[in-house]
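Notes follow once the structure below has been shown.
The values are calculated or read from the model by the stated rules, or taken from the named source; none is laboratory data. Predicted model, so just to flag it, every value in this text is computed and none were measured. Cβ placement follows ideal geometry from the backbone for every residue including glycine, while neighbour counts extend to all protein chains displayed.
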Amino acid sequence: MNDNEKVALVTGAARGIGKEIAAKLLDLGMTVIAVDLQADLLAALPQALSAPDGKLEARTLDVTDSDGFTKLVDDVVAKYGHLDVLVNNAGITRDGLLMRMSDADWELVLKVNLTSAFIGTRAAAKYMVRQKGGSIVNMSSYSGLEGNRGQANYATSKAGLLGLTKTTAKELASKNVRCNAVAPGFIQTEMTDVLPQQAKDMALAQIPLQRFGKPQDVANAVAFLASEASGYMTGQVLSVDGGMHT
């Protein structure tokens, strides 16, 4: 199947990296189902991305709602006949030192960042296996590869996504369903804009390329893994971090 015939579902698509991923997949000609909890931002997305008629559908969803997420996948396949790409991008942070971290902050981050990807992958895999083709891309992080002070919950969730990625890749490869991950480093988004300047300076000092990444940098990697250009890749992790993880 050509990329311009594919249907892609992207979670956390209302802003930041997710918005850029949706835009990049639209550029490839894919039909994009943009999913997010923020209905107001989603409503403005088609105009913001100048999406062609019928190529972008915005759906409000709490990705931690197992029944709701599964039903959404079912609805997408019922409407379009197939689902070819799933990008598990939705994620949050609740940073704090491990000894001070509450159970609630630990559980919420794991639920949004990791469990939602499991739910979406399980729901999508059923159809991808049946149609003998598909690409799943999980959004991990440099923190998931190396750990990060003050992010026990976030780093654990992103490391867990790597295990989910590799296991999914091995289980589904015989059905021509691929699963890969992208691990961004310090990317300029609304989430990072609020950090103190001292924290930004410390982060910049760790980056060999001596600059922060842009959401488009991550979107380019995701689009590659979602497209036929990466057709012989599965179970892999692409680091988009300016050289921090080598």
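Checking each residue in the range 211-232 for being crowded, with 20+ Cβ neighbours inside 10 Å and of a type in the set (A, V, I, L, M) picks out 218, 219, 221, 222, 223, 225, 226.
Scanning the range 192-237 for residues that are in a helix (DSSP H, G or I) and in contact with a helix residue (DSSP H, G or I) (Cβ under 7 Å, 6 or more places away or on another chain) turns up 215, 216, 218, 219, 220, 222, 223, 224, 226, 228, 230. Can we say residue 5 is buried (at least 17 other Cβ atoms within 10 Å of the Cβ) and of a type in the set (Asp, Glu)? Taking the combined requirement at face value, the residue does not satisfy it. Pairs please, first residue from the range 74-103 and closer than 15 Å to residue 135 by Cβ, second anywhere and surrounded by 15 or more Cβ atoms within 10 Å (Cβ to Cβ) and charged (D, E, K, R), Cβ atoms under 7 Å, 6+ apart in sequence or on different chains. Cβ pairs passing all conditions: 84/6; 85/6. Of the strands (runs of 3 or more DSSP E) lying entirely inside the range 18-109, those carrying at least 1 residues that are closer than 25 Å to residue 122 by Cβ and hydroxyl-bearing (Ser, Thr, Tyr) are 31-36, 56-60.
Within the range 171-191, being touching a strand residue (DSSP E or B) at 6+ places or on another chain (Cβ under 9 Å) and not in a strand (DSSP E or B) holds for 171, 172, 173, 175, 176, 185, 186, 188.
Listed here are the residues, each with its yes/no results for (1) on the phi < 0 side of the Ramachandran plot; (2) touching a residue at least 24 places away in the same chain (Cβ under 8 Å); (3) in contact with an Asp or Glu (Cβ under 8 Å, 6 or more places away or on another chain); (4) among the aromatic types (Phe, Trp, Tyr).
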| position | (1), (2), (3), (4) |
| --- | --- |
| 144 | yes, yes, no, no |
| 147 | no, no, no, no |
| 158 | yes, yes, no, no |
| 161 | yes, yes, no, no |
| 168 | yes, yes, no, no |
| 172 | yes, yes, no, no |
| 190 | yes, yes, no, no |
| 198 | yes, no, no, no |
| 208 | yes, yes, no, no |
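For the range 109-142, a residue qualifies if it is among the hydrophobic types (A, V, I, L, M, F, W, C) and either crowded, with 20+ Cβ neighbours inside 10 Å or without any contact (Cβ under 8 Å) to a residue 40 or more places away in the chain (or both), and the qualifying residues are 109, 112, 114, 117, 119, 123, 124, 125, 128, 136, 137, 139.
Here residue 194 meets each of (1) crowded, with 17+ Cβ neighbours inside 10 Å; (2) modelled with pLDDT under 95 with one exception, condition (1). Looking at the structure I just gave you, is residue 187 crowded, with 21+ Cβ neighbours inside 10 Å, within 16 Å of the chain's Cα centre (by Cα) and closer than 30 Å to residue 81 by Cβ? No.
Per-residue answers, yes or no, for (1) under 23 Å from residue 187 (Cβ atoms); (2) at pLDDT 95 or above; (3) of a type in the set (Val, Ile, Thr):
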position: 1; (1), (2), (3): no, no, no
position: 9; (1), (2), (3): yes, yes, no
position: 13; (1), (2), (3): yes, yes, no
position: 19; (1), (2), (3): yes, yes, no
position: 35; (1), (2), (3): yes, yes, yes
position: 46; (1), (2), (3): no, no, no
position: 59; (1), (2), (3): no, yes, no
position: 64; (1), (2), (3): no, yes, yes
